[in-house]
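Here, each number is a calculation from the coordinates, and none is a lab measurement. Since the structure is predicted, the reported quantities are computational estimates derived from the model, not experimental observations. Ideal geometry is used to build each Cβ from the backbone, glycine not excepted, and the neighbour counts take in all protein chains shown.
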Amino acid sequence: MIVYSLQCTGGHQFDGWFRDSATYDAQTAAHEVSCPVCGSLDVSKALMAPAVRSSKKREATQATEAEQAQAAVMQALKTIRREVEDNCDYVGSQFAEEARRIHYGEADKRGIYGEASADQAAELADEGIEVGQIPWVQLDN
C-alpha cells in the first residue's frame, strides 16, 4: 500500500491510499478519485516530504502503534459488552429459542444476548432472524 497527499483544484488537501502507483494513475485517469470536501474529480498529488526512519526506530514505532490499536479495540469491545449487559436480557443457552419466540411474536420484543452454536446462528439467519456475534472480552483484563 502507498499513501499519497492529494490536492484538488479547489486547494483542498487529503490523503489517498492505493495498492501501488499504477493503481493511483489508473484511478485518477478514470476520474475515480474525488475530493472528500468539494467532490472535484480534478485531483493531483501534492508535494510530500518523505518520512525516513531507521529500521530500529520504525520497528519501535510500529510496535507502539500496534499496541495502541490493540488497546483501542479492546476498549471498544469492553464498551460494547457493557452496553449489551446494561440494555439487553441475558438468556444464556436458550438464545436461539428465545430469538425465535421474539421473532414470531410469542414473546415481548427486546434485546437479548446469550450463547448459540454456529449451526444455531446459521439456522436463525436462514429463518430471517437477525443475529450477530460479539467477541466477549473480560472487563477486568
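For the stretch 83-141: of the residues being of a type in the set (S, T, N, Q) and part of a loop (DSSP other than H, G, I, E, B), which is surrounded by the fewest Cβ atoms within 10 Å (Cβ to Cβ)?
N141
Yes/no per residue for (1) among the aliphatic types (A, V, I, L, M); (2) more than 19 Å from D126 (Cα to Cα); (3) out of contact with any helix residue (DSSP H, G or I) (no Cβ under 7 Å at 6 or more places or on another chain):
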| position | (1), (2), (3) |
| --- | --- |
| T79 | no, yes, yes |
| R82 | no, yes, yes |
| G92 | no, yes, yes |
| E97 | no, no, yes |
| H103 | no, no, yes |
| D108 | no, yes, yes |
| G111 | no, yes, no |
